[in-house]
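The values are calculated or read from the model by the stated rules, or taken from the named source; none is laboratory data. Owing to the predicted nature of the structure, the values given are computational and were not obtained by experimental measurement. Here the Cβ positions follow ideal geometry from the backbone for every residue, glycine too, while neighbour counts run over all protein chains shown. Only protein heavy atoms, including side chains, enter the accessible area calculation; ligands, DNA and RNA are left aside. Shrake-Rupley method; radii C 1.70, N 1.55, O 1.52, S 1.80 Å.
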Amino acid sequence: MQFQQLQYFVAVAETRHFTRAADLVHVAQPSLSQQIKSLERELGADLFLRARGNITLTDAGEALLPLARRILADADTARHEVQELAQLRSGRVRLGATPSLCTGLLPDVLRAFHDRYPGIRLLIEEGGSHDLVRELARGALDLALVVLPLPTPSPALTTVELLREDLVVVSSPEAPGRGRRTVRVADLEGERLVMFRHGYDLRELTVAACRAEGFEPDFAVEGGEMDAVLGFVRAGLGVAVVPRMVATRSGRGLRVTPLARPGLHRTIALAHRSDVAPPRAARELQRMLLER
């Protein structure tokens, strides 16, 4: 049974005339009649009683008509939905990002994307780079913003460098050190640090920088996510090393001090699976992130 045969059958059933039905579906009448006969042979039953000037449905035709109309309607709906998706009127994007990027980079970009494509659902998953790489590999995400180098290099992923971000030191305005224009990593020796949980890229980067200066960092509080760390710093529990974008966006109630050269930086990349092209909506978000 072919889709075209059902179209011809419904046209004849509605017009009760082979020639008018052929005009309706823009096909030659002999071709339409041949397709109807082929459909009848496949079904093993006549669909029309053909009397001169009088075409009526048989019992088999009456049974098929609502089913054929439903199939044609479903096909039209499917065509419409695919076209809507192709034109970015509907669909979804599954984006993973580290919590600091969700706070600093993404709000403005996602707002611009949503304003342009309001029918696209944005599904955001926060996590460390290690977790996001795993979710990408198993197909749970379309794109992910990760910190380079990846914790475990994966040949199955394609990464495009997005930005190189400075890190800064945040502290309570009441903490000692008011007026310092910069701070060195070595100056963090003896400071009580508010530290992120294990698996956080910023934790590994900060600890490695302190060890490179010859000391082990002293943690006042550890184990928090970004919002918790900033809150603990505001409360005067210690200082923290955070991305400049986060400090700028969340700087109320915080003193923000740049790190002296060469400073600390991190490289943010946009990653997706190499073996599967991201959906069109994800590719459009990728373009907006790269052009930001």
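Key figures for this structure:
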quantity	calculated
Difference of contour (0.36 nm per residue) and Cα-Cα distance, ASN54 to VAL25	8.4 nm
Fully extended contour minus Cα-Cα distance, from ALA220 to GLU42, at 0.36 nm per residue	56.2 nm
Magnitude of the charge dipole, segment 135-292, Cβ model with Lys/Arg +1 and Asp/Glu -1, debye to 20	540 debye
Solvent exposure of the chain as accessible area per residue, Å², 1.4 Å probe	53 Å²
Solvent accessible area, Å² - GLU161, 1.4 Å probe, full protein context	120 Å²
Sites VAL82 and VAL160, calculated FRET efficiency, Cβ-Cβ separation with R0 35 Å, nearest 0.05	0.80
Surface accessible to a 1.4 Å probe, ILE124 within the full protein complex, Å²	70 Å²
Spin-label model distance (nm) - THR182 vs ALA112, 7 Å beyond Cα toward Cβ	3.0 nm
Diffusion coefficient, µm² s⁻¹, Stokes-Einstein with Kirkwood Rh over alpha-carbon pairs of segment 101-149 at 4 °C and 1.567 mPa s	108 µm²/s
Choice from LEU49, LEU167, LEU88 showing the highest fluctuation, given a GNM over the chain with Cα pairs closer than 10 Å	LEU49
Inter-part distance where segment 195-239 and segment 246-292 are each reduced to a Cα centre, Å	20 Å
FRET efficiency, ARG292 to ARG70 (Cβ-Cβ, R0 51 Å, nearest 0.05)	0.65
For the chain, size of Cβ-based charge dipole, Lys and Arg +1, Asp and Glu -1, in debye	680 debye
Sulfur and carbon atoms: percent of accessible area, the chain [1.4 Å]	50 percent
Area accessible to solvent at THR56, 1.4 Å probe radius, in Å²	50 Å²
Top positive-direction residue, dipole computed over the chain with Cβ charges, set PRO118, LEU32, CYS210	PRO118
Antiparallel bridge percentage (DSSP; both residues within segment 1-154; nearest 5)	30 percent
For segment 71-178, size of Cβ-based charge dipole, Lys and Arg +1, Asp and Glu -1, in debye	40 debye
